[in-house]
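Remarks on the structure that follows.
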Amino acid sequence: MSKNIKKYFPIFMLPTLLAFVIGFLVPFIMGIWLSFCKFTTVTDAKFVGLSNYRQAIADPEFMHAFWYTTAFVIVTVIVINVAAFAIAYMLTKKINGSNIFRSVFFMPNLIGGIILGWVWQLLLNSILAIWGKTIVYSPTYGFIGMVLLLCWQQIGYMMVIYIAGLQNIPGDYIEAAKVDGANSRQMLWRIILPSMMPSITICSFLTITNGFKMFDQNLALTNGAPSKMSELLALNIFNTFYGRNGFEGVGQAKAVIFFIAVAVIAVIQNRLTTRKEVQA
Amino acid sequence: MTKKVKHPVFWTVFFSLVSLAYIFPILLVFLNSFKKKAYISREPFGIPMGKQFVGLDNYVNGIEKTDFFQAFGWTLFITVASVLVIILCCSMCAWYIMRVKNALTSGFYLLCLFSMVVPFQMVMFTLSKIVDMLQLNTPWGLIIVYLGYGAGLSVFIFSGFVKSIPLDIEEAAMIDGCTPIQTFFQVVLPIMKPTCVTVAILQAMWIWNDYLLPYLCLDIKKYKTISIAIQYLKGGYGSVDMGAMMGCLVLAIVPIIVFYLFCQKYIIEGVVSGAVKG
């Protein structure tokens, strides 16, 4: 049968393959190559070795963005996952209106990052105006603002995944634990959490990568103000590319560092949480 | 695993309050969209009445400044067309690479997995140059870019499902004289319908809201999406017409919420079944 299908390569696989090569593979490989070059457009690239990487690491704004983003990811991953799990845990019990609550919490995910950024700029500036300040008063304000925004947006998404996970725990486990006399805290830590590890793996992967990649919300909410101190990595890389002439190579080198950091962290996280999964 | 909770009334009240707080940011935008520009920053929490109330001025102003309906049309076109193309091409591709095993297909599968952890910043500069070079900087060309960039996740999800389809069904169809094309469209694709819905929802949520890819790839003098149009309200020197902004924000949010109310069940199911391990 396989041979019979094989002839149909141009119809089945070629369109996707071509688009993938244009849309991902070629830009990716060229990106790696260009990170070792000096260039302003793609055609005038000259090989310069590691100099772009040296400049990228020596850039204090980039290093600031790096640590700022790391702190941001740590805070959001913990807050989003704990809150989403807690809400999911409560909403799977018999509470009046839990379907409505679920819909409300999920809703922000459908709205784009740029729009949410402006919505929250209005809200936060309105509240801060009471003390005569704005969101761009200090990088800490921007940090808290972005944490609130991302949590508000993503708790619903992760909650939905956790609810599905909770509903898939076999009833026998719960019954058996009850018969053995487990109290509700033991039930949570010994039965529910271990059987939820697949969901936890997925949600922590999603929150980590979403946190690192966050761009739109940053652009619309603070745009890096004051003086680039609230820039997350993605925005810093964008500004290096398009904000300063002659720094395209440095921007590409930063992008490669960014990519490696995200990939390494995603792999480590996946290993760590997958190891804790139990066979159901 | 549903069971009774202590104090059910307390929890209902508690979650009602949290829900109210949750929709408050959007209510605030809605409220301010009817207010005179000067009062938006001065009295953001006030009800728009009397001299503060401006009727639909902010909306009219916002629509004029951003050419909102055109942006809406392009966003709708790009999203719907890209999603349809992605579903058709990626489902066919996923079936092919699962049924024909050779170096190319397994290599492509691994590349698809790999592409999911690559942040967009890694390829954005080179991608935008290539798009310009190939003249794909129109909404039609963008469909190809979205197919290529979205192929990773879609092929991955489709392949996961194809693995679970028993070979016997397809073999029976082929023995009865179906060509692979007939087999795919008359036997495989109907079985894959739920997966198509999942992929469609995940990709539509992403493409509709995407800002950076269309911003870099489209010829934005001619074509804008909603996100680009809204970000463009911010002038070169950081001044923003908050009145027009409020109007546009409401116009951008309301259609999505209406859509969500009708398709909620599918959207949430799609997100859940799309939550495969990356």
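Here are some notes:
- Each Lys or Arg adds one and each Asp or Glu subtracts one; over the other residues with Cβ under 15 Å from the Cβ of B:A94, this totals +3.
- Cβ-defined net charge surrounding A:R190, 14 Å radius [Lys, Arg +1; Asp, Glu -1]: +2
- Charge dipole (debye, nearest 20) of the protein assembly as shown; +1 at Cβ of Lys and Arg, -1 at Cβ of Asp and Glu: 740 debye
- Using the Cα coordinates of segment B:72-224, the gyration tensor eigenvalues translate into equivalent-ellipsoid semi-axes of 32, 17, 13 Å, sorted from longest to shortest.
- Based on C-alpha pairs under 8 angstrom that are at least 6 apart in sequence, segment A:198-280 has a relative contact order of 35 percent.
- Just checking the listed ones, B:F30, B:F125, B:F158: in the Gaussian network model of chain B with Cα springs under 10 Å, the one fluctuating most is B:F125.
- Take every Cα pair under 8 Å whose residues are at least 6 apart in sequence, average their separation, divide by the length of chain B, and the relative contact order is 31 percent.
- Sorting the Cα pairs of segment A:51-275 by distance into bins of 5 Å, from 0 upward, gives 1, 6, 12, 15, 15, 14, 12, 9, 6, 4, 3, 1, 0, 0, 0 percent per bin.
- Percent of Cα pairs exceeding the 47 Å cut-off, where the set is the protein assembly as shown: 15 percent
- Remark: relative contact order (chain A) = 29 percent; criterion is Cα-Cα distance under 8 angstrom and separation of 6 or more residues.
- Long-range tail of P(r) for chain B (Cα pairs > 27 Å, %): 55 percent
- Amide proton proximity set for A:C37, modelled H, under 5 Å, gap of 5+: A:V48
- The distance linking segment A:1-28 with segment A:101-158 is 42 Å (Cα centroid to Cα centroid, whole angstrom).
- Distance between the C-alpha centres of segment B:43-74 and segment A:54-98: 34 Å, rounded to the whole angstrom.
- Segment B:1-133: Rg to Rh, with Rh as the Kirkwood radius over Cα pairs: 1.19
- When the convex hull of its Cα atoms is viewed from all sides, segment A:144-249 shows a mean projected area of 9.0 nm².
- For segment A:1-124, the direction-averaged projected area of the alpha-carbon convex hull comes to 16.3 nm².
- Exposure here means at most 12 other Cβ atoms within 10 Å; with trypsin sites (Lys or Arg not before Pro) in a DSSP loop as sites, the longest stretch of chain A lacking them is A:95-243.
- Only Lys, Arg (+1) and Asp, Glu (-1) charged, at Cβ; chain B dipole about Cα centre in debye: 880 debye
- Segment B:34-117: chymotrypsin sites (Phe, Trp or Tyr not before Pro) falling in loop per DSSP and having at most 12 other Cβ within 10 Å: B:F45
- Couplings 3J(HN,Hα) for segment A:129-140, derived from phi with the Karplus relation 6.51 cos²θ - 1.76 cosθ + 1.60 (θ = phi - 60°), are 4, 4, 9, x, 10, 10, 5, 8, 4, 8, x, 5 Hz, where x marks Gly and Pro.
- For the Cα trace of segment B:171-278, dividing Rg by the Kirkwood Rh returns an Rg/Rh value of 1.18.
- Our note on the geometry: Cα centres of segment A:231-270 and segment A:160-189, 42 Å apart.
- Taking amide H as placed 1.01 Å from N in the peptide plane, A:K93 has no amide H partner under 5 Å among residues 5 or more places away or on another chain.
Just so you know, all these numbers are worked out from the coordinates, no wet-lab data involved. All of these numbers come straight from a predicted model, not from anything done at the bench. Positions of Cβ are generated from backbone atoms using ideal geometry, with glycine treated the same way; all protein chains shown enter the neighbour counts.
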